[in-house]
Amino acid sequence: MENLTVESDSELPLKDVTGNSLELSIEIVPGGAEQFGVKLCCSPDGVEQTVVLYDAAEKRSETMSDDNTGFIPPEKCFLIIPA
């Protein structure tokens, strides 16, 4: 899949994407948003998901685990934030 566009505050489920490992190239145009990110590997009911979030004010990324109770170690999530 290439060149998919997702509007702000919306979701785009990709039903044909499966597996335990994903390589994504994502370009986000934040506008004036202070936080932005993506949800990955979501269960149909939304209970299980991985959230990759960037906080522009803090200039740091966070990755929440599948059950939303903790964080995935930073070495498992690699973000390139252009200057």
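Read the figures in this text as sums done on the coordinates, not as results from a lab. Computed from a prediction, not measured in an experiment: that's the story for all the values here. Positions of Cβ are generated from backbone atoms using ideal geometry, with glycine treated the same way; all protein chains shown enter the neighbour counts.
Rounded to the nearest 0.05, what FRET efficiency do Ser25 and Ala56 have when you use their Cβ-Cβ distance and R0 = 22 Å?
0.65
Looking at the square roots a ≥ b ≥ c of the eigenvalues of the Cα gyration tensor of region 10-63, which shape do they give, rounded for a/c under 1.5, prolate if a/b is larger than b/c, or oblate?
Since a/c reaches 1.5 and a/b is larger than b/c, the shape of region 10-63 is classed as prolate.
By per-residue mean of other Cβ atoms within 10 Å, what is the highest-first order of 12-24, 35-47?
35-47, 12-24
Working out 0.36 nm times the residue gap between Leu12 and Cys41, then minus their Cα-Cα distance, what length gain in nm do you get to one decimal?
9.2 nm
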